[in-house]
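Here the structure is laid out as structure tokens; the discussion comes afterwards.
The values are calculated or read from the model by the stated rules, or taken from the named source; none is laboratory data. In this text the structure is predicted, and so the values were computed from the model without any measurement. As a convention, Cβ positions derive from the backbone with ideal geometry for all residues, glycine included, and neighbour counts pool all protein chains shown.
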Amino acid sequence: MSNLERSVNVSEPEFLELTVSNLRPEESYTFRVIAYNDMGPGQSSAPLSISTKPDLQVPSRVESLQAEALSPSSVQVSWEPPSQPNGPVLSYRLLWTERPSNKEQSVEVNGLNYKMEGLNKFTEYTVRVLAINRYGPGTAPVTVSVTTQSD
């Protein structure tokens, strides 16, 4: 932990505010303000400690999503991890919607595949998979459609 001090001169003091950029996410910083006049520096303000927010980055979409009907009531779904996980992937959320009823179900999965069971025969399902890291589920999921087999 380094105690590097950096100073910024405010050229327009009447604004009484300053945005400090180029800081690191999830880092603690201490700020002090010192007023200057013709005689030199005044007394320092009390130090204000503040931490920057984390770099909120959810995972990118999963790769190579595939769904294959195994029987009239089951579908095997598989995928590859996201190319940009932005940290460890904690789990995956598999969501499937039945057509035309639009009834949606979901399940949390730890691996890279899942067997959907108890489905209706000769029915179309839309399948989505989201990767989840410590910031939450990814956005913009890939979607595939699959139809269960008839008898």
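Has segment 12-26 got at least one residue that is basic (Lys, Arg), assigned to a loop (DSSP other than H, G, I, E, B) and either more than 36 Å from the chain's Cα centre (by Cα) or surrounded by 10 or more Cβ atoms within 10 Å (Cβ to Cβ) (or both)?
Going residue by residue through segment 12-26, those that are basic (Lys, Arg) are 24.
Add one more test, that the residue is assigned to a loop (DSSP other than H, G, I, E, B), and what stays is 24.
If we keep only those that are either more than 36 Å from the chain's Cα centre (by Cα) or surrounded by 10 or more Cβ atoms within 10 Å (Cβ to Cβ) (or both) as well, we get none.
Within segment 12-26 (the criterion being basic (Lys, Arg), assigned to a loop (DSSP other than H, G, I, E, B) and either more than 36 Å from the chain's Cα centre (by Cα) or surrounded by 10 or more Cβ atoms within 10 Å (Cβ to Cβ) (or both)), the answer is no, since none of the residues qualifies.
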Quiz item: From the residues in segment 135-145 that are part of a strand (DSSP E or B) and polar (S, T, N, Q), which one is surrounded by the most Cβ atoms within 10 Å (Cβ to Cβ)?
Solution: Thr143
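Quick one: which of Glu117, Glu124 is without any contact (Cβ under 8 Å) to a residue 40 or more places away in the chain, more than 19 Å from Ser60 (Cα to Cα) and surrounded by fewer than 15 Cβ atoms within 10 Å (Cβ to Cβ)? Give the steps one after another, and end with the answer.
Numbers: Glu117 fails: without any contact (Cβ under 8 Å) to a residue 40 or more places away in the chain.
Answer to the check: Glu124.
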Practice problem: Kindly check whether there is at least one residue in segment 53-63 that is at pLDDT 90 or above and more than 13 Å from the chain's Cα centre (by Cα). | Solution: yes
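Determine whether segment 71-79 contains at least one residue that is under 24 Å from Ser60 (Cβ atoms) and loosely packed, with under 13 Cβ neighbours inside 10 Å.
At the first step, the residues of segment 71-79 found to be under 24 Å from Ser60 (Cβ atoms) are 76-79.
This time we only want the ones that are loosely packed, with under 13 Cβ neighbours inside 10 Å, so: none.
No, segment 71-79 contains no residue that is under 24 Å from Ser60 (Cβ atoms) and loosely packed, with under 13 Cβ neighbours inside 10 Å.
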Exercise. Identify the single condition in (1) farther than 30 Å from Leu112 by Cβ; (2) surrounded by 10 or more Cβ atoms within 10 Å (Cβ to Cβ) that Arg6 does not satisfy, given that it satisfies every other one.
Key: (2)
Quiz item: Which one is nearest to Asn86 (Cα to Cα) among residues in segment 31-60 that are without any contact (Cβ under 8 Å) to a residue 60 or more places away in the chain and touching a Gly at 6+ places or on another chain (Cβ under 9 Å)?
Solution: Ile34
